[in-house]
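Worksheet for the structure shown next.
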C-alpha cells in the first residue's frame, strides 16, 4: 500500500466528484489518511472540473505540478490541459476513442509517462449506461495498474458509498472499464 | 470514535451541532452552501432539537441567529465572503453589543476567485469590526474550531468568526469523529438590558471600551493557545529564515518545504485576529528574516508592527492577487532562501507545461444547461433588442448570459435594478437613450431587489425589468426562497408570490409569461418596452416563469420535442453563438452542427435558434425527402 497523488479531470456533469468520492472511500477503507479537493459551483454547467485526491501523505489539499502519480481524464481535452501535473514515470488514463495527442508523444516518452486510453463512452453506451463513463474510466485505470488500488477495492468503495439502488449499475460500469 | 470522510463544510456543520447550536441560519453561496444542508442532515441523523433556516439574505440570517443568541441559545450563521458584506451592518453593531449564547459567524472565503465577485478576506472585515477569528487549515481543524469558537464567544460574550476558505470547505478529509453527547446551554429567553441591547451613542462608547478590553483578554489567551504552534523550531536557536502561516496556506507551504527538501521553522497561526503578538514576536526574534504566508490577503502580516525583517504581500514577495498555489509558494520560498544566503535546490523543469500551453487548448467555460429557461428568455430578448440596448444583470445562473452577450454588468446582489435606474438617470445628461432591460433572478430579487424596485418606481425610472423566475436558487443547489411553499427542511412554508410583491411596489405594468413561448414572450417584451417609453407609462416588469430544468423537468417531459439538424446545415455557427445550448455541437471538421443526444432533453427550444430553418422537430426531418438528420 503506497501513498498516491491523483488528479481527476473532466467536464462539469461527467461525474468527476463521484470518482473523487470513490477513491477517497477506497483509501478510507484500507485505513489510509485521505485528503481530496473538489471544485463545486459551476461544475454542473459544463465548465472544466478538476479534483485532487491524496491517499496517505500530508494534509495539504493541493498537488504541485509534476508530482502526481496518475491523471484520470474523463475527457481527453481536460486530460491534456492538466497533463503537467503528472510526475516523471507517472501514468495517464484517458477517455478517448482516437488515441491521445501525437504532438505530446516525444515529451511523454522522455518523461517515461505512460498514457492508456479507453473508449469509455463507447463501452458505457454498449452496456446501456451512458451516464457512467466516469466509472468505466476508473475501472480501466485500476486494471491498467495506474492506481495503487484494485478493481475489487474500488468495488467495495462503491458499495460503501451507495445509494443502494445505484450500486449495481456503478459496479457494472467499473467492471466494464476493467475489461470484465 | 470513528474515522469518517468529511467534507469541510460538513465538518463545520457537525462541529456546530455537536457544540449545541440550536439556531443556524444561512443564505446560499459557494463555497458555503453545504454548511446549512449539513446541519439539517445532522439534525435528522442525531435527532437534534434545532432550527435551521435558509434566510432571505445574509443580513436577515445574521440577525435571526443573533436574536437566538440574545435569548441565551447557541447560534451560528453561514455565508460566502461577499455575503458577509451584506451581513456586515449587523456584525459591526453586534460586536459592540455583545452576545449571550455563543454566536459564530462562518463566512467562507474564495481565493482565486473561483466563483465570486472578489477575493476579499473576511478576516480583515473581522479585524475592522473587532471580531475574533479562527482560521482552519483542514476539515479536521474546522471541526474542532467550530466548538472552540462557540466556547470563546460565550465566555467573552462577543460574536466570533470561523473563517474557512474553499480548500477547507470543499476538501474531503478522513477525520476522527468523536460521537460525543451534544452540549446544551440552559436558555431562559431574552433579558432586557437597554444600555446594551438598545444602546444609544453615549452607551456605544462604553461598549466600545468594553469590546477593546475583551479583545485584549482574548489576545492574551491566544498567546497561550495550542492553535498557534511552531514546527521545526527549537527554543533558543537562531534561524536565517522562518515562515509564519495560517489557513490552507500553512498546509501548502509546509508541503512545498517538504518537496524542496528544506527545513525551515514554521509558526502556524490558527487565530489570526487578534493576533497573538507576543507569540509572533518571540518567533520573529529567532529568525533573521520571516516570510508571512496567508490568503486571500494580508491580515496576520498587517498586525505585525515591526516589519523590518518581514516579507509577504506588502513587499511583493507573495503575490497580492490569486490563489497561493504550490508552484507560487515554492517559488517564493526559493527566492527567500536565496535572499538569506541559503542553498536552494534547483527547480525542476516542467517541459509538459510549456508544451501543453503551446497547444492552446480552448478554455471550456461553464454554460447554461440544455433546456434552461433563462437561455430562452435572453435569446428572445436579444432577438428583439439586439446589441443596442443596455442589459444590467445580476448574480445567479443567468449570469452565464454573458456568453450570449445578454448581460452587460454585474456588481453585487440586486444591482441589476439599481444600475438600470442609474443608467436611466444618466441618460438625461449623456443623451444615451438606448433601451434598458434589467435581468434579475427570483432568489436575487427577493434577497435585495425589492428595495431597488421601490426606489425605481418612486423616482420615476423607466426601463424594462425581466425577473427570471425559475422557482429556486439554482446555481448553489436549488435552495428554497420565500416564493417557494417549502422551507429548508422540506416542510410547508408560506409562499409569497413575486407578482404580488412587484404590484405592491407600485409597478403599473406587470405580466407573467412562459419564456419557452418565444413569439408571445417577444410581443410582451415589445409591449413592456413601449409602456416604458410612453408619456403616461413607466417602469415595466415581466416575470419569465418556468421552473429550472435541473430540478424540475416535468413540464418538458410532459411535452418532449425531439429535434434534428437537417442535412442542409452549413456550419455557419449562428446557433452556437446566439443560442449556445451545450447539446448543439459543431462537428470536429466544422462542417455542420449535430445534436448531442446524451445531453439533449428534447425541449425543442433550439428550433428557433436557426434562422435558416435547419433545426426542425425530428418527425419533420424524417419527412423531408431523402434528407437524413
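One line per residue, one yes/no per condition, for (1) modelled with pLDDT under 95; (2) more than 14 Å from chain A (Cβ to nearest Cβ); (3) not in a loop (DSSP other than H, G, I, E, B):
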site: B:112; (1), (2), (3): yes, no, no
site: B:151; (1), (2), (3): no, yes, yes
site: B:168; (1), (2), (3): no, no, yes
site: B:172; (1), (2), (3): no, no, yes
site: B:175; (1), (2), (3): no, no, yes
site: B:182; (1), (2), (3): yes, yes, no
site: B:188; (1), (2), (3): yes, yes, no
site: B:192; (1), (2), (3): no, yes, no
site: B:204; (1), (2), (3): no, yes, yes
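All of B:411, B:437 fail the test of being away from chain A (no Cβ under 14 Å), in contact with a helix residue (DSSP H, G or I) (Cβ under 8 Å, 6 or more places away or on another chain) and over 27 Å from residue B:61 (Cβ atoms), apart from B:437. Number of residues in the stretch A:62-107 that are facing chain B (nearest Cβ under 8 Å), on the phi < 0 side of the Ramachandran plot and in contact with a helix residue (DSSP H, G or I) (Cβ under 8 Å, 6 or more places away or on another chain): the value is 14.
Being under 19 Å from residue B:478 (Cβ atoms) and not in a helix (DSSP H, G or I) is the filter here, so list the residues in the stretch B:1-23 that pass it. B:7, the sole residue that qualifies. With respect to the stated conditions, residue B:504 is more than 14 Å from chain A (Cβ to nearest Cβ) and farther than 30 Å from residue A:47 by Cβ. Only one of the listed residues (B:556, B:565, B:541, B:502) is surrounded by 20 or more Cβ atoms within 10 Å (Cβ to Cβ) and over 31 Å from the mean Cα position of the chain (by Cα). That residue is B:565. In the stretch B:590-600, the count of residues that are surrounded by fewer than 16 Cβ atoms within 10 Å (Cβ to Cβ), within 14 Å of chain A (Cβ to nearest Cβ) and out of contact with any helix residue (DSSP H, G or I) (no Cβ under 6 Å at 6 or more places or on another chain) is one or more.
With respect to residue B:400, is the statement that it is buried (at least 16 other Cβ atoms within 10 Å of the Cβ) and modelled with pLDDT under 95 true? Judged against the criteria, residue B:400 is a match.
Within the stretch A:33-48, restricting attention to residues that are under 18 Å from the mean Cα position of the chain (by Cα) and at pLDDT 90 or above, the residue that is surrounded by the fewest Cβ atoms within 10 Å (Cβ to Cβ) is A:37. Scanning the stretch B:252-281 for residues being buried (at least 24 other Cβ atoms within 10 Å of the Cβ) and within 14 Å of chain A (Cβ to nearest Cβ) gives a total of 3.
Inspect all residues belonging to the stretch A:144-154 and state whether any of them is within 14 Å of another protein chain (Cβ to nearest Cβ), in contact with a strand residue (DSSP E or B) (Cβ under 9 Å, 6 or more places away or on another chain) and surrounded by fewer than 20 Cβ atoms within 10 Å (Cβ to Cβ). No - not one qualifying residue is present in the stretch A:144-154.
When residues in the stretch B:341-397 are screened for being within 14 Å of chain A (Cβ to nearest Cβ), within 31 Å of the chain's Cα centre (by Cα) and not in a helix (DSSP H, G or I), 15 of them pass. Which one is surrounded by the fewest Cβ atoms within 10 Å (Cβ to Cβ) among residues in the stretch B:302-329 that are in contact (Cβ under 8 Å) with a residue 12 or more places away in the chain and within 14 Å of chain A (Cβ to nearest Cβ)? Only one residue tops the list, namely B:322.
Filtered by the rule that a residue be over 23 Å from residue B:119 (Cα atoms) and without any contact (Cβ under 8 Å) to a residue 40 or more places away in the chain, the stretch B:330-347 gives B:335, B:338, B:343, B:346, B:347. Mind checking whether some residue in the stretch B:372-384 is over 22 Å from residue B:550 (Cβ atoms) and loosely packed, with under 15 Cβ neighbours inside 10 Å? Scanning the stretch B:372-384, I find no residue that is over 22 Å from residue B:550 (Cβ atoms) and loosely packed, with under 15 Cβ neighbours inside 10 Å, so the answer is no. So if I check each of A:112, A:51, A:58, which one is within 14 Å of chain B (Cβ to nearest Cβ), within 15 Å of the chain's Cα centre (by Cα) and without any contact (Cβ under 8 Å) to a residue 60 or more places away in the chain? Being within 14 Å of chain B (Cβ to nearest Cβ), within 15 Å of the chain's Cα centre (by Cα) and without any contact (Cβ under 8 Å) to a residue 60 or more places away in the chain holds for just one of A:112, A:51, A:58, which is A:51. Of the strands (runs of 3 or more DSSP E) contained entirely in the stretch A:52-133, those carrying at least 3 residues that are buried (at least 22 other Cβ atoms within 10 Å of the Cβ) fall at A:68-73, A:86-95. Restricting attention to the stretch A:134-180, the residues being in a loop (DSSP other than H, G, I, E, B) and closer than 22 Å to residue A:117 by Cα number 9. Taken together, the residues in the stretch A:5-36 that are facing chain B (nearest Cβ under 8 Å) and outside any loop (DSSP other than H, G, I, E, B) amount to 10.
Filtering the stretch B:425-452 to residues that are out of contact with any strand residue (DSSP E or B) (no Cβ under 6 Å at 6 or more places or on another chain) and over 22 Å from residue B:478 (Cα atoms) leaves B:425, B:426, B:427, B:428, B:429, B:430, B:431, B:432, B:433, B:435, B:451, B:452. Looking across B:32, B:2, one residue alone is surrounded by fewer than 22 Cβ atoms within 10 Å (Cβ to Cβ), in contact with a strand residue (DSSP E or B) (Cβ under 9 Å, 6 or more places away or on another chain) and in contact (Cβ under 8 Å) with a residue 24 or more places away in the chain. It is B:2.
The values are calculated or read from the model by the stated rules, or taken from the named source; none is laboratory data. Note that the structure is a prediction, hence the values are computed from the model and not measured. Counting neighbours? That spans all protein chains shown, and the Cβs are built from the backbone with ideal geometry, glycine included.
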